[in-house]
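Down below is the structure, laid out as structure tokens.
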Amino acid sequence: MAIQASTEILEGSVLALLTREDYYGYTITKEVQKVFPISESTMYPILRRLKKEGWLETYDQAYEGRNRRYYKITELGESQLTSIKKDWSDLKEATDKILEDKDGE
């Protein structure tokens, strides 16, 4: 994919993923990498920012003698996801009109 995903698109993707279930950081990265070519070094700052904004919360759970940090979407995060989806829909519609040469359709 030659067009790079914006931070907001990646944030929305993480929030949407976490509406399905809680994930730990590595798994979030792997799930997002199925769609976008990103590195782990890209994902962890996004997760920290989402947590700082109050859109995610974390908890630790033991796994094979180590702790995994799991991420969970908050109510505020669900509200932000709704906003991102609306903005995405508006942007997609406007872009489609231009790229597909839809004259006011």
So, Glu31, is that one open to solvent by 30 Å² or more (accessible area, probe 1.4 Å), under 12 Å from the mean Cα position of the chain (by Cα) and among the charged types (D, E, K, R) or not? yes
Taking the condition open to solvent by 60 Å² or more (accessible area, probe 1.4 Å), among the hydroxyl-bearing types (Ser, Thr, Tyr) and over 19 Å from the mean Cα position of the chain (by Cα), does Tyr44 pass? no
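Residues Ser79, Ser83, Ser41: which one is assigned to a helix (DSSP H, G or I) and over 15 Å from Ser13 (Cα atoms)?
Ser41
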Which residue out of Val35, Val14 is of a type in the set (Val, Ile, Thr) and outside any helix (DSSP H, G or I)? Val35
Of all residues in the stretch 9-28 being under 12 Å from the mean Cα position of the chain (by Cα) and β-branched (Val, Ile, Thr), the one that is surrounded by the fewest Cβ atoms within 10 Å (Cβ to Cβ): Thr19
Contact list please: Cβ distance under 6 Å, first residue in the stretch 53-80 and free of Cβ contacts under 8 Å to residues at least 12 places away in the same chain and farther than 15 Å from Leu18 by Cβ, second residue assigned to a strand (DSSP E or B) and polar (S, T, N, Q), pairs at least six apart or on different chains. Asp60/Asn67
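From Leu15, Leu10, grab the single residue that is within 18 Å of Trp88 (Cβ to Cβ), at pLDDT 95 or above and not small (Gly, Ala, Ser).
Values: Leu10 fails: at pLDDT 95 or above.
When all the criteria are applied, what remains is Leu15.
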Go through the stretch 52-73 and give me each residue that's in contact with an Asp or Glu (Cβ under 9 Å, 6 or more places away or on another chain), surrounded by 15 or more Cβ atoms within 10 Å (Cβ to Cβ) and over 13 Å from Gly12 (Cα atoms). Arg68, Tyr70, Tyr71
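The values are calculated or read from the model by the stated rules, or taken from the named source; none is laboratory data. Keep in mind the model is a prediction, meaning the values are calculated, not measured. Don't worry about glycine lacking a Cβ; one is built from the backbone with ideal geometry, like all the others, and counts go over all protein chains shown. Heavy atoms of the whole protein, side chains included, go into the accessibility calculation; ligands, DNA and RNA do not. Shrake-Rupley method; radii C 1.70, N 1.55, O 1.52, S 1.80 Å.
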